[in-house]
1. Which of the numbered conditions does W144 fail, given that it passes all the others? Conditions: (1) touching a helix residue (DSSP H, G or I) at 6+ places or on another chain (Cβ under 9 Å); (2) open to solvent by less than 40 Å² (accessible area, probe 1.4 Å).
2. With the requirement that a residue be open to solvent by less than 30 Å² (accessible area, probe 1.4 Å) and touching a Phe, Trp or Tyr at 6+ places or on another chain (Cβ under 7 Å), what does segment 235-251 give you?
3. When you scan segment 406-423, how many residues do you find that are of a type in the set (F, W, Y) and not in a helix (DSSP H, G or I)?
4. Residues in segment 93-132 that are within 30 Å of S310 (Cβ to Cβ) and in a helix (DSSP H, G or I): how many?
5. Of the residues G90, G67, only one is small (G, A, S) and either assigned to a helix (DSSP H, G or I) or in contact (Cβ under 8 Å) with a residue 12 or more places away in the chain (or both); which?
6. For segment 233-245, does any single residue satisfy the condition of being aliphatic (A, V, I, L, M), closer than 21 Å to A387 by Cα and in contact with a Gly (Cβ under 6 Å, 6 or more places away or on another chain)?
7. State which residue pairs qualify: first residue touching a residue at least 24 places away in the same chain (Cβ under 8 Å) and under 13 Å from L317 (Cα atoms) and inside segment 402-423, second residue in a helix (DSSP H, G or I) and β-branched (V, I, T) in any location, beta carbons under 7 Å apart, and separation of 6 or more residues or different chains.
8. Can you find a residue in segment 150-159 that is out of contact with any Gly (no Cβ under 7 Å at 6 or more places or on another chain), modelled with pLDDT under 95, among the hydroxyl-bearing types (S, T, Y) and part of a loop (DSSP other than H, G, I, E, B)?
Amino acid sequence: MLHINYIRENKTEVIERLAIKNFKHPELVDQIIQLDENRRQTQSKLDAVSAEANLSAKQIGDLMRQGKKEEADAIKAKTTLFKEQIKTLGDQLNDVEEQIKKQLVLLPNLPHASVPKGTSAEDNEIVLEHGSKPVLTTQALPHWELAAKYKIIDFELGTKITGAGFPVYKGKGAKLQRALIQFFLDRAGAADYDEIQPPILINEASGFGTGQLPDKEGQMYHVGVDNLYLIPTAEVPITNLYRDVILKEEDLPIKNCGYTPCFRREAGSYGAHVRGLNRLHQFDKVEIVQVTHPDQSYPTLEKMSQHVQSLLKELELPYRVLRLCGGDMSFTAALTFDMEVWCAAQARWLEVSSVSNFETFQSNRLKLRFKGKDGKPQLAHTLNGSALALPRIVASLLENNQTEKGIRIPQVLVPYTKFEWIN
């Protein structure tokens with residue numbers, strides 16, 4: 001959530017930066033500024049009446065001690081009016097503050113100065129590309145056919161049990177999943193991330209804190225009876241560990257990682273581009289999360305990007321890094337880098353990770369602060385990244401490593417899988 005003071009003091013800049021994200025309602029900025037002016041005027045009136053009421057109370061006490069009861073009673077008559085004014089102004093203040101909050105949550109985060117203009121994924125900027133694309137034979141199969149051939153993933157059985165987008169992993173497919181999860185967690189631990197095993201259900205306050213609510217409620221699975229939501233990513237519960245917390249500056253940075261299943265409705269997704277593992281309603285992912293000092297958040301973002309890239313290198317997967325344009329960024333992010341891997345049989349790039357800096361957008365909602373050297377609390381910066389999401393990694397591993405003998409397992413995973421081939 002943006003700061004009302006920043007909006008008021010930098011109106012033109014805010015509107016210009018929101019335009020990079022193709023925000024369609026710049027008039028909200030003026031409405032918020034006007035509401036804030038109403039709030040400030042109401043607060044000023046309330047402060048003045050409260051001060052006058054306090055002064056009257058002191059006068060009444062002084063007069064009573066002096067035995068001037070009649071004069072004290074005359075002032076007492078005014079206090080009823082003060083109480084009525086204070087209540088009325090207090091109600092008005094609460095009302096305008098609620099209106100401001102409802103309007104503020106409609107504004108997305110401001111994009112970083114380096115974010116390119118654009119309206120869709122086609123306008124994203126390619127930062128770098130690493131590795132050589134494998135050349136497959138004409139008999140090469142896409143991963144969903146490989147999964148059926150080697151009986152490692154059963155999409156039809158998942159549809160029978162639950163529905164489309166909920167695959168069943170079997171045999172070496174299940175073991176490959178487990179191997180990747182442990183590999184990602186081990187690498188995160190080696191990079192000094194403390195592992196968290198969080199709940200996979202969250203309440204409304206948690207969804208609001210990281211920006212899923214009210215923006216993305218339609219994309220999450222809702223447990224109506226208990227008013228809880230299945231998490232779309234471990235970012236949500238892990239970041240919410242620090243909601244309403246004041247940290248010490250020396251505690252920063254905080255580095256957490258966690259493995260969870262993730263759940264996304266992906267409403268409206270259909271077609272060949274979402275076939276097989278390309279887009280699921282339930283999938284496994286290891287997430288890395290950091291809470292940092294504002295001065296360090298962008299160097300931290302680069303380090304998190306490098307961490308994700310190191311995993312892709314170890315898995316021997318060709319990849320590229322994209323800087324997302326304004327039109328392809330999330331509601332909450334200030335700057336996002338996507339990592340995509342080359343999926344050889346499909347001959348297309350698949351996103352496997354997003355690494356984002358949210359600056360103070362989440363921490364303002366979370367009331368996540370730290371005490372600086374001056375002793376005053378200030379908002380921390382939050383960041384997160386997929387390290388990594390499994391489905392498209394598995395799809396790429398299966399397609400890129402298929403041979404006449406079977407599917408070769410990257411050497412780095414063999415100690416985890418305990419096998420070198422799927423055949």
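1. (2) is the only condition that W144 fails.
2. To start, the set of residues in segment 235-251 that are open to solvent by less than 30 Å² (accessible area, probe 1.4 Å) comprises 235-240, 247.
L247, the sole residue that qualifies.
3. Residues meeting the conditions: 2.
4. Qualifying residue count for the region: 3.
5. On the way: G67 fails: either assigned to a helix (DSSP H, G or I) or in contact (Cβ under 8 Å) with a residue 12 or more places away in the chain (or both).
After applying the criteria, what remains is G90.
6. Within segment 233-245, the subset aliphatic (A, V, I, L, M) is 234, 236, 238, 241, 245.
Add one more test, that the residue is closer than 21 Å to A387 by Cα, and what stays is 234, 236, 238, 241.
From the residues that got through so far, the ones that are in contact with a Gly (Cβ under 6 Å, 6 or more places away or on another chain) too are 234, 238.
Scanning segment 233-245 turns up at least one residue that is aliphatic (A, V, I, L, M), closer than 21 Å to A387 by Cα and in contact with a Gly (Cβ under 6 Å, 6 or more places away or on another chain).
7. Qualifying pairs under 7 Å: I409/T417.
8. no
The values are calculated or read from the model by the stated rules, or taken from the named source; none is laboratory data. None of the values given here were measured: they were computed from a predicted structure. Quick reminder, even Gly has a Cβ in these numbers, built from the backbone with ideal geometry, and neighbours come from all protein chains shown. The area values use the complete protein model at the heavy-atom level, side chains included, leaving out ligands, DNA and RNA. Shrake-Rupley method; radii C 1.70, N 1.55, O 1.52, S 1.80 Å.
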